[in-house]
Amino acid sequence: MPQDLAEVYRTTYRALVRFLYRKVWDAERAEDLAQEAFARALVHKPDNARGWLFIVAANMARDDARRAARERRHLTLLTAEAQESNSATDEALEVESDRARVRAALEDLSPRDREVLLLWDSGLSYDEIATQTGLARGAIGTTLSRARRRLVQAYEAGKSGKHVARG
């Protein structure tokens, strides 16, 4: 194998989990998906393991989201009962509200902006981001800057209840 996968695991695992968490919004699921991506890397032995892992993990997260959506639709059809709401402290509600606004702000971004932000936040270099997204390496900094600005605008708009169009 061109790269030592154990070394890639040591240097990449946490960044991969952070990347996946921002896609699935569940820490345990993100860890499970990261483990599965590394298990697949053992089988496939890719040349560029780090980049390959992020691509495979993103695809797995997308597939996982589709499966979860199908399950939710199925459960909705099976149960017409209203769920009891759980009581929570004001602080916990505020934290969850902030998380929901961040998720909503990320969802308001274009897929390209969201992907570039998440890849950068996961520790990928501009070259690796360019390879995965197909953008020119020189466009990554500008794209990141604009994506950050749009994320802040979408988050602030979420606080006030306004909608920001995707840029």
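Values quoted throughout were computed directly from the atomic coordinates according to the rules given, and no laboratory measurement underlies them. Note that the structure is predicted; figures quoted are calculated from it, not measured. Every residue, glycine as well, gets a Cβ built from its backbone with ideal geometry; the counts of neighbours run over all protein chains shown.
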When LEU33 is run through (1) more than 14 Å from SER122 (Cβ to Cβ); (2) part of a helix (DSSP H, G or I), the failure sits at (1)
Reported set for segment 13-53 where residues are in contact with a helix residue (DSSP H, G or I) (Cβ under 7 Å, 6 or more places away or on another chain) and more than 27 Å from GLU96 (Cα to Cα) is GLU36, ALA37, PHE38, ARG40, ALA41, LEU42, PRO46, ALA49, ARG50, GLY51, TRP52, LEU53
Exactly one of ARG112, ARG99 is farther than 27 Å from THR11 by Cβ and in a helix (DSSP H, G or I), and that residue is ARG99
Residue hits (segment 116-154; of a type in the set (D, E, K, R) and buried (at least 21 other Cβ atoms within 10 Å of the Cβ)) are ARG150
